[in-house]
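As structure tokens, the structure follows; a few thoughts come after it.
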Amino acid sequence: MDIKPALRPYVPLAQMLVQTFGADCEIVLHDLDDPAHSVVYVENPSVTGRKLGASFDQLVKKVILSDDLKENYAANYYFTAPNGKRIRSSTLLIKDADGRLTGALCINLDTTQITRQIDFLQSLLPPEPQQKADGAGEGEAGACFRDDRKPDGRDPRRRGRKESAARGAH
């Protein structure tokens, strides 16, 4: 697929980004002058299954028409690829010398592995205790940090000498 001169400088950037972020990263370069066949370059297409000559999928509804578009880019939006992978994506809109929108560079990160790792780590943690309005059920660790002091600043768990003597404590 032929890449127009305004988009060629983005090819080495795409290669560098995939080398930096690894196998779960895909970079897609779009030529927006040909919307039906906008994909002119893909680095690591296994992430979403994107192919040269394909149209843009998420680009219009998630970026170009988005209220979140700032400074010609949209960062960290999510979509589900046709292969079922949950993708975190960021897109840079590319303008030509006249300021006309001509292309887009999309970074797509497959979140599958990190989601599995987070799920695994959470499975190693104890379950969250049920919190009641009175603070009960927070467990020993929570009780250590709970502030049960009386309004005068005294801790009811610690008795003074007079209170201990009055209760018969030695």
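Every number here is computed from the coordinates shown, using simple stated rules; none is lab data. It should be emphasised that the depicted structure is a prediction, and the values quoted were computed from it without experimental measurement. Positions of Cβ are backbone-derived with ideal geometry, glycine not excepted, and every protein chain shown enters the neighbour counts.
What is the packing order of peptides 2-8, 85-91, 115-121, 50-56, taking the mean over residues of other C-beta atoms within 10 Å and listing the highest first?
Order by mean packing, descending: 85-91, 50-56, 2-8, 115-121.
If packing is taken as the average count of other Cβ atoms within 10 Å, what order do 92-100, 33-41 fall into, highest mean first?
The peptides rank, most packed first, as 33-41, 92-100.
Out of Ser89, Thr112, Val40, whose Cα points farthest toward the positive end of the dipole of segment 1-118 (charges: +1 Lys, Arg; -1 Asp, Glu; placed on Cβ)?
It is Thr112.
Can you give the net charge of the other residues whose Cβ lies under 14 Å from the Cβ of Lys51, counting K and R as +1 and D and E as -1?
Surrounding charge for Lys51 is -2.
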